[in-house]
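First the structure, in the form of structure tokens, and then the observations on it.
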Amino acid sequence: METTFKHLSQIVQPSDLHRLTDKELQEVVDEVRSAILEHVSKTGGHFSSNLGTVELTVAMYAAYSLPPDKVIWDTGHQAYPHKLLTGRLSRFDTLRKYKGLSGFLKRDEHELDSFGAGHAGTAISAALGFAAARDLLGTKEKVIAVTGDAAIASGMSWEALNHAGELQTDITVVLNDNRMSIAPNVGALTNYLSKLRSRPQLQSLARRAKTVVEKMPDPVTRMAAGFRHGITHYLAPHETGTIFEEMGFEYIGPVDGHDLPTLLEVFRNIRELDFPVFVHAMTVKGKGYHVAEEDSRKWHGVVPFDLESNEMVKSAGPVTYTQAFGDAAIECASNDPKVVCITAAMPDGTGLTAFQKAFPTRYFDTGIAEQHAVTFAAGMAANGLKPFCTIYSTFLQRGFDQVLHDVCIQNLPVRFFMDRAGLVGDDGPTHHGAFDISFLSFIPNIVMLAPRDTTELREMTRWMSNYDRHPSAMRYPRGSSDDRLPESRSPIALGKAEVLRQASPKAKHAITLCAIGSMVGEAWEAARLLEEQGIEATVINARFVKPIDSETIGEAVRQTGRIITIEENTASGGFGEAVHRGLQELGLAHLPHTVIALPDHFVEHGSQSLIRRDCGLTAENIVTQALSLVAVKKQ
């Protein structure tokens, strides 16, 4: 039986909260939390982090006027309450589903999604941009950035804080401090925030300041209302000054991020200020759902689960690429003391949790700081270690300059392992690894590989561990292997492809299907389907994007007279273009060549199978394209 939402069902935009009493706002808090529990348990999604921001969101939206005021969220991990308070309750059951609501912020989904967000650390920069534009345009709206205690550790956040302190414009930064992101936070800043959290006297001082102000006669009370928290600091000991104050912000906190009356008071007062303010709110991930509070790491991102039994519906299934990499990394480290692993705040997602336990002194988590992670790895490589720099494909985009400048120009043998290459599914365009072939393969010195299955991933990891001549990068998809492929395989050798199936030289109709990584299984299945229609196919597992095996591919194309390349990367700058250049050098570019790749637009969210189908990355589409090339119609 679905819950009835007395207030939430009537909220179309945040200004609807203004007509409610503070008591009714507490009821809204309860309804928002219930809606998250009810719907996310069915759809899956980011769970514990959103349960932790309910009171914070209700208080902000009740205190400010959206629109015209703007709240800029850092990623979407904490923004489900925002969606529910902007009139999307009726569509919330479509969250992260094909053609449904995005799990993140999207400007084209709602007018109050002021800035799209999927990668952490962007909120303060974007909000400062909004504030600077407001100042130049002469408007008066308030701008608030909501960041997290992991996101604020990223370099971009500190660049923005530094700039905001210089500009001294009207901006509020809210730190949602829940003491972890996806995994426990790391670094000196985490320790610093811990010290700030240990100062409960600040909240009592805030109450003392409120008492002092309320005893003042009008109009002094009205004049002083906006400076209540300035008085807090006047009353507080000098030691309560923070690095944020040194950067030009008025620091307020730490405040209880689940104490709605206090939050309402704080935000209603801050709205009267016109200079940089930093609000430090302490929250609990998983608030209101006890198992998520106890293990917020497990419940950060969830598949559908049962609210009564607290059990997630997860199938055992075959070994995933992520698991296979984690096992291979441990094996390599066991055999070579120079192997170290680096992650940027994603030990679980990159399969390194077991490695961390097995080799704690050879495991490094840089936090949400991909640029630093890459150059950190470069320094290690320059000093004789073998760094495995393990970052999602979509997040390595953030470290592009470091890959080019700090690793490849110096030809340092950093090993990059890019999980979630290709279409990841429900997380959508901010998380699809659609561009890594394009932005890495043109860089001199780098070697780039992609395995056809988890067995080949292990073999490639071993090969990379022993390869010291150049930087290397392996891309692999989310999920498990294609079980349709044959078990026979040849050893990994630099720049050498593997021929899985050979068309007969006497075949009347023949074609070469040359695939990389996740698409090898589709090519293999397409060859089987084509055989049923009298077309023989040579199937090549390219293995290497760079250097590409032009000789093996060219020999196959000479025989069959035509080729289809298949990749789970955008076509521009992709694998197909690399094959075409190789064929051009061999004088074979005139032969028919069809490139099957991701389209030239950002692919929306949905299950991997559905969005791969929409993009034509299926055996059936390969067959259709092959029939067109050999001019044979389907029967």
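Where a number appears in this text, it was derived from the coordinates with a stated rule and is not lab data. What you see is a predicted model, and the numbers here were worked out from it, not measured in a lab. Positions of Cβ are generated from backbone atoms using ideal geometry, with glycine treated the same way; all protein chains shown enter the neighbour counts.
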After finding the eigenvalues of the alpha carbon gyration tensor for segment 119-169, what semi-axes result from the square roots of 5 times each, listed largest first in whole Å?
21, 11, 8
Whole-number percent relative contact order across the chain, with pairs defined as alpha carbons under 8 Å at least 6 apart:
11 percent
For the chain, the charge dipole (Cβ of Lys, Arg +1; Cβ of Asp, Glu -1; about the Cα centre) points to a positive end, and the Cα of 325, 90, 303 closest to that extreme belongs to 325
Packing-based ranking, highest mean first, of 423-429, 367-373, 463-469 given that Cβ atoms within 10 Å are counted
367-373, 423-429, 463-469
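Rg/Rh for segment 321-475 to two decimals, with Rh computed the Kirkwood way over all alpha-carbon pairs.
Working: Rg = 13.8 Å, Rh = 15.0 Å.
Reported Rg/Rh, Kirkwood definition of Rh: 0.92.
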Please report the antiparallel percentage of DSSP beta bridges with both residues in the chain, rounded to the nearest 5.
20 percent
Final fewest-first order of 265, 272, 487, 31 on the 10 Å Cβ neighbour count is 487, 272, 265, 31
Crossing angle, helix 454-466 versus the chain [Cα axis fit, 0-90 degrees, rounded to tens]:
90 degrees
Using square roots of five times the C-alpha gyration tensor eigenvalues, list the equivalent-ellipsoid semi-axes of segment 498-629 in whole Å, biggest first.
22, 18, 12
Provide, in order from the shortest bin, the percent of all Cα-Cα pairs of segment 570-630 in each 5 Å bin, continuing until the bin that contains the maximum pair distance.
4, 16, 21, 22, 20, 10, 5, 2, 0
Those trypsin sites (Lys or Arg not before Pro) in segment 571-635 that DSSP places in a loop and that have at most 13 other beta carbons within 10 Å
633, 634
Nearest 10 degrees, 0 to 90: what angle lies between the long axis of helix 619-629 and the longest principal axis of the chain (Cα atoms)?
50 degrees
Over the Cα atoms of segment 45-104, each weighted equally, I'd like the Debye log10 I(q)/I(0) at q = 0.18, 0.30 Å⁻¹, rounded to two decimals.
-0.63, -1.37
If 334, 607 are placed from fewest to most neighbouring beta carbons inside 10 Å, the sequence is 334, 607
Extreme residue, positive dipole direction of the chain, given options 442, 248, 586 (C-beta unit charges)
586
Find how many whole Å separate the alpha carbon centroid of segment 527-564 from the alpha carbon centroid of segment 6-58.
55 Å
Under a Cβ-Cβ cut-off of 13 Å, what is the net charge of the residues other than residue 362 that fall near it, where Lys and Arg count +1 and Asp and Glu count -1?
+1
Between residue 13 and residue 167, what is the spin-label point distance in nm, taking each point 7 Å from the Cα along the Cα→C-beta axis?
2.4 nm
Quick one: angle between helix 520-532 and the longest Cα principal axis of the chain, in degrees between 0 and 90, rounded to 10, please.
40 degrees
Between residue 139 and residue 22, Cβ-based FRET efficiency (R0 41 Å, step 0.05) works out to 0.90
For a Förster distance of 25 Å, can you work out the FRET efficiency between the beta-carbons of residue 506 and residue 529, rounded to the nearest 0.05?
0.75
How long are the three semi-axes of the equivalent ellipsoid of the chain, in whole Å, if each is the root of 5 times an eigenvalue of the C-alpha gyration tensor, listed from largest down?
51, 27, 21
How much space per residue, in cubic angstrom, does the convex hull of the C-alpha atoms of segment 288-389 take up?
119 Å³
Sort 571-578, 521-528 for me by packing, meaning the mean count of neighbouring Cβ atoms within 10 Å per residue, highest on top.
521-528, 571-578
When 283, 390, 262 are ranked with the fewest other C-beta atoms within 10 Å first, the list becomes 262, 283, 390
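How much length would be gained if the chain were fully extended between residue 30 and residue 484, taking 0.36 nm per residue of separation minus their Cα-Cα distance, in nm to one decimal?
That works out to 158.5 nm of additional length.
How much FRET efficiency would the formula 1/(1 + (r/R0)^6) give for residue 111 and residue 411, where r is the Cβ-Cβ distance and R0 is 51 Å, rounded to 0.05? Don't skip to the answer; put the middle values down first.
Values: r = 49 Å, r/R0 = 0.96.
Calculated value: 0.55.
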